[in-house]
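Trainee: Submitted below is the structure of interest, expressed as structure tokens.
The values are calculated or read from the model by the stated rules, or taken from the named source; none is laboratory data. Since we're looking at a predicted model, the values are computed, not measured. Neighbour counts are summed over all protein chains in view; Cβ atoms, including those assigned to glycine, are modelled from backbone coordinates with ideal geometry.
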Amino acid sequence: YIQKEIADSAYKYQREVEEKKRIIVGVNEFIVDEPLEVEILKVDPSIRDKQMERLKKLRSERDNKKVEEALDALRKAAETEDENLMPYIIEAHKHLATLGEVTDILREVWGEYRAPLIF
């Protein structure tokens with residue numbers, strides 16, 4: 001119901017903008033004809049390489065056995081219906097588990113949320 005109401009409201013709003021019943025300066029009224037030049041952000045590829053090296057170093061220096069134990073405990077807790085996961089997440093991070101490793105466990109247990117399509 002809520003998603004349908006949001007979709008209906010968005011449709012009504014867009015129609016008002018297109019029919020100029022709702023004026024938005026620079027969008028449907030008082031538009032400047034000058035070409036807009038926006039500089040595209042380009043990230044130096046060496047930053048990725050440096051971060052990958054930092055991650056590789058972290059994984060080689062931490063106690064991977066403790067990380068795996070903490071992640072296994074998190075997995076088991078996530079599989080139960082009413083367990084508070086925060087202590088397990090904190091414990092995993094204390095042993096230097098990465099955010100990606102923690103979220104991979106949660107995705108593995110629950111999957112990824114996909115909003116239902118409403119037509």
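Trainee: Residues in the stretch 47-64: is at least one outside the structural domain of Thr98 (by TED's automatic domain parsing), of a type in the set (Val, Ile, Thr), on the phi < 0 side of the Ramachandran plot and surrounded by fewer than 11 Cβ atoms within 10 Å (Cβ to Cβ)?
Mentor: Looking through the stretch 47-64, at least one residue is outside the structural domain of Thr98 (by TED's automatic domain parsing), of a type in the set (Val, Ile, Thr), on the phi < 0 side of the Ramachandran plot and surrounded by fewer than 11 Cβ atoms within 10 Å (Cβ to Cβ).
Trainee: Scan the stretch 1-46 for residues that are of a type in the set (Asp, Glu) and either touching a Ser or Thr at 6+ places or on another chain (Cβ under 8 Å) or exposed (fewer than 10 other Cβ atoms within 10 Å of the Cβ) (or both) and report the count. I'd like the intermediate steps shown before the answer.
Mentor: Narrowing the stretch 1-46 to residues of a type in the set (Asp, Glu): 5, 8, 16, 18-19, 29, 33-34, 37, 39, 44.
From what is left, the residues that are either touching a Ser or Thr at 6+ places or on another chain (Cβ under 8 Å) or exposed (fewer than 10 other Cβ atoms within 10 Å of the Cβ) (or both) are 5, 19, 33-34, 37, 39, 44.
Looking only at that region, the number is 7.
Trainee: Pairs under 9 Å by beta carbon, first residue on the phi > 0 side of the Ramachandran plot and touching a residue at least 12 places away in the same chain (Cβ under 8 Å) in the stretch 96-114, partner buried (at least 16 other Cβ atoms within 10 Å of the Cβ) and of a type in the set (Val, Ile, Thr), six or more apart or different chains?
Mentor: Final answer for the pair search is Leu96/Val67.
Trainee: While we're on this one: Go through the stretch 98-118 and give me each residue that's assigned to a helix (DSSP H, G or I) and not basic (Lys, Arg). Talk me through it step by step, then tell me what you get.
Mentor: Looking only at the stretch 98-118, we keep the residues that are assigned to a helix (DSSP H, G or I), and these are 99-110.
Across the stretch 98-118, the qualifying residues are Leu99, Gly100, Glu101, Val102, Thr103, Asp104, Ile105, Leu106, Glu108, Val109, Trp110.
Trainee: Let me ask something additional. Tell me, please, whether a residue that is outside any loop (DSSP other than H, G, I, E, B), without any contact (Cβ under 8 Å) to a residue 60 or more places away in the chain and either in contact with a Lys or Arg (Cβ under 8 Å, 6 or more places away or on another chain) or closer than 30 Å to Tyr13 by Cα (or both) can be found in the stretch 63-86.
Mentor: Here is the first cut: in the stretch 63-86, the residues outside any loop (DSSP other than H, G, I, E, B) are 64-79, 86.
Right, trim to without any contact (Cβ under 8 Å) to a residue 60 or more places away in the chain and you get 64-79, 86.
After this cut, where a residue has to be either in contact with a Lys or Arg (Cβ under 8 Å, 6 or more places away or on another chain) or closer than 30 Å to Tyr13 by Cα (or both) as well, the list is 70.
Yes, the stretch 63-86 contains a residue that is outside any loop (DSSP other than H, G, I, E, B), without any contact (Cβ under 8 Å) to a residue 60 or more places away in the chain and either in contact with a Lys or Arg (Cβ under 8 Å, 6 or more places away or on another chain) or closer than 30 Å to Tyr13 by Cα (or both).
Trainee: Right, something else. When the residues of the stretch 1-31 are narrowed to those that are among the hydroxyl-bearing types (Ser, Thr, Tyr) and not in a loop (DSSP other than H, G, I, E, B), which ends up farthest from Ala115 (Cα to Cα)?
Mentor: At the first step, the residues of the stretch 1-31 found to be among the hydroxyl-bearing types (Ser, Thr, Tyr) are 1, 9, 11, 13.
Still in the list and also not in a loop (DSSP other than H, G, I, E, B): 9, 11, 13.
On the way: Ser9: 18, Tyr11: 18, Tyr13: 22 Å.
Ranking the candidates gives Tyr13 first.
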